[in-house]
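Visitor: I'd like to ask some things about the structure below.
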Amino acid sequence: MKLSFDLTLSFAAGQEPFFKQLQASFELGKLHFIKGRNGVGKSTLFRLLQGGIATDEQTEGSVQIAEQSFAVTDKKLGLLVKAVPQDSNAVLINAFTVQECLQLALVSKYPGLTVLPKINFPVLLKTIGIGSEARVNDLSGGQRQLLAIVMMLQKNPQVLLLDEPTAALDHANARLVMDMLVQLCADHNVTMLIITHDHDLMAVYAPQRCVELVRDEDTGLRKLIEH
Amino acid sequence: MIAVLLRLAEQVLLYLPLVCGGYISFSLLRIPNFSTEGAFVFGACGAVTATTLVPLLHPAILLAVAVLAAMFGGMLIGACMGAIAAQGKIPYLLASIITLGLCHGLHVYVLGGSLKPLHGSNYLALDVMPMHPELLILTGIGVLVIALFVPFLKTQLGMCFAAYGTNATFFKHHGIATNYVVLTGILLSNALAGLSGYLVAQSSGFIDMNGGTGLSLLCVTALMLGNLCHKGIGFSRGLIPLIGMTLYSSMQQALLMIGCNLKYFTALQACIVLGVLVYMRKNHGASDVHSDHLGV
């Protein structure tokens, strides 16, 4: 069972393509790293995988998740693929409690005048010392990152994209987040693609395989190569 | 003393829906929605027009019609501002200023002058208390507003309003359209302002075209007082408008009792707001009071 894609993207009609038949394949239910130099297009790739296409952009291609194939423009893709941004603050509400944040993560499931139901508090958060009534404001960087990830996992995605989840964390917190990601990956049977520049983390958590997005100097096109 | 308390209660109840609406705009969504001032007058116009269209109904039904029409009138102004801001991609402050300009023209057209006396019967008045005939129905409306408002803040929409004010990018990452959240908030906020406009117009016996002027400052002052009280004592956040408006009206009544002229009260309000803002910036850091967030 694989997650695979074949994507072509131009930022505007008539422009040279940024991605031209960019292809890769990842085993489902596993954790994978993607590295690449700044500006090479890692975040753009993640955006496309969620079905996020900006105005004027020209795209074609497909994303295949197990047996299902989706056109890159298909809105359903956004339901199966979720992303946690590099800055976890973007998906958290500082003034809320952890429980309220978890409730709000499922907000689109309920009509406007429904009182949001209480969430079964994830054991994982308890084990790292996050209480349900704790204010998001009071959490450490690592705890905030994990909360953001758990919020996204509540939507039951098949693929979770993480853009440098440990970039702002010290070594201990980075290891804590990565250990939890490995556990979440197994518990939820979700495929995680992680952008990182941290070679130590890659050596520990995915020693066999890392995919690098590179720009071909001759053609200017991006391609994914395996290490 | 009892007369002062009754007068105080009446004033609190008249403006309570407006301050609840202000709480949604200013404190939860944190947008400078000054179109509530226009919605206040247009709500009154809507209610009066609706009741004159169906004059033969039972007064209780006419009251319900007036309340609904007032809220609908307010919502129309909210829809106007929401459409300008969301569809025109205009900043909220500019959108509310443009809406106020449009409202002025509408009010001139509907009212035909700066004051319009209400000739029909007073649907708020009962024969129970001759000195304060409207107090009972106003209390009923006030209780209903608070009884709906407090639990509303715990609903999906209520939480979305608070989330939008704190972190608008949250919705983008969770795949929810922010236009829906903001537009609903503005509609609700202005509907409550329209209701207040009707209550004030019915209570005073006329619609004043300039009746809405300065009401944003009233909201901001009442909400600041309510917030300060909330931080000091701690009570359900849904009661901030009620407590704030009570403190605001108490100050007014106290000034009246010592013989002050209330025509200078707006200046005093401005001083209170300034004082609280300076206090908050000094004690809680500038980040607590974003320049666009009115500090409530």
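Read-outs: derived from the displayed coordinates by stated rules, not from any lab. Remember, predicted model here, so these are calculated numbers, not experimental data. Please note: Cβ atoms are built from the backbone with ideal geometry, for glycine as well, and neighbour counts cover all protein chains shown.
Visitor: Can you give the FRET efficiency to the nearest 0.05 for A:Ala168 and A:Glu133, using r as the Cβ-Cβ distance and R₀ = 35 Å?
Guide: Efficiency at R0 = 35 Å is approximately 0.90.
Visitor: Normalized C-alpha radius of gyration of the protein assembly as shown, against 2.2 N^0.38 Å?
Guide: Dividing the Cα radius of gyration by 2.2 N^0.38 Å gives 1.18.
Visitor: Highest first, please rank the peptides A:178-187, A:67-76 by the mean number of other Cβ atoms sitting within 10 Å of their residues.
Guide: Ranked by mean Cβ neighbours within 10 Å, highest first: A:178-187, A:67-76.
Visitor: Which order do the peptides B:190-196, A:215-221 come out in when sorted by mean C-beta neighbours inside 10 angstrom, highest first?
Guide: Order by mean packing, descending: B:190-196, A:215-221.
Visitor: Further, regarding this structure: On a C-alpha basis, how far is the centre of the stretch B:139-204 from the centre of the stretch B:25-86 in Å? Whole number, if you could?
Guide: For the stretch B:139-204 versus the stretch B:25-86, the Cα centre distance is 14 Å.
Visitor: Would you mind giving the mean number of other chain beta-carbons within 10 Å of the Cβ of each residue in A:110-121, as a whole number?
Guide: For peptide A:110-121, the averaged partner shielding equals 3.
Visitor: Just to be sure I understand the rule: take each whole DSSP H helix in chain B, project its Cα atoms onto its long axis, keep it if the span is 24 Å or more and its mean Kyte-Doolittle hydropathy is at least 0.0. Which ones pass?
Guide: Helices meeting the criterion: B:2-22, B:36-53, B:59-87, B:92-111, B:135-152, B:178-204, B:215-232, B:240-257, B:265-284.
Visitor: Averaged across B:160-166, how many Cβ atoms of other chains sit within 10 Å of each residue's Cβ atom?
Guide: Counting other chains' Cβ atoms within 10 Å and averaging over B:160-166 gives 4.
Visitor: Can you give the alpha-carbon Rg of the stretch A:2-226 over 2.2 N^0.38 Å, where N counts its residues?
Guide: Dividing the Cα Rg of the stretch A:2-226 by 2.2 N^0.38 Å gives 1.05.
Visitor: Angle check, please: helix A:141-153 long axis (alpha carbons) against the longest principal axis of chain A (alpha carbons), in degrees 0 to 90, nearest 10.
Guide: Tilt relative to chain A: about 80 degrees.
Visitor: Also, quick follow-up: When B:Arg30, A:Arg209 are ordered from fewest to most other Cβ atoms inside 10 Å of their Cβ, what list results?
Guide: A:Arg209, B:Arg30
Visitor: Explain nothing, just the number: relative contact order of the stretch A:2-226, from Cα pairs under 8 Å at least 6 residues apart, as a whole percent.
Guide: 28
Visitor: Taking R0 as 51 Å, what FRET efficiency do you get between B:Asp127 and A:Ser140 from their Cβ-Cβ distance, rounded to the nearest 0.05?
Guide: Once the sixth-power term is evaluated, E becomes 0.20.
Visitor: Could you work out the relative contact order of chain B, using alpha carbon pairs under 8 angstrom and six or more residues apart, expressed as a whole percent?
Guide: Dividing the mean separation by the residue count of chain B yields 33 percent.
Visitor: Could you order the peptides A:44-52, B:123-131 from most to least packed, using the average number of other C-beta atoms within 10 Å per residue?
Guide: A:44-52, B:123-131
Visitor: Within a 10 angstrom radius of each residue's Cβ in B:174-185, how many Cβ atoms of other chains show up on average? Whole number is fine.
Guide: 2
Visitor: Rounded to the nearest 0.05, what FRET efficiency do A:Ser62 and A:Gln15 give with R0 = 30 Å and r taken as the Cβ-Cβ distance? Could you check?
Guide: 0.90
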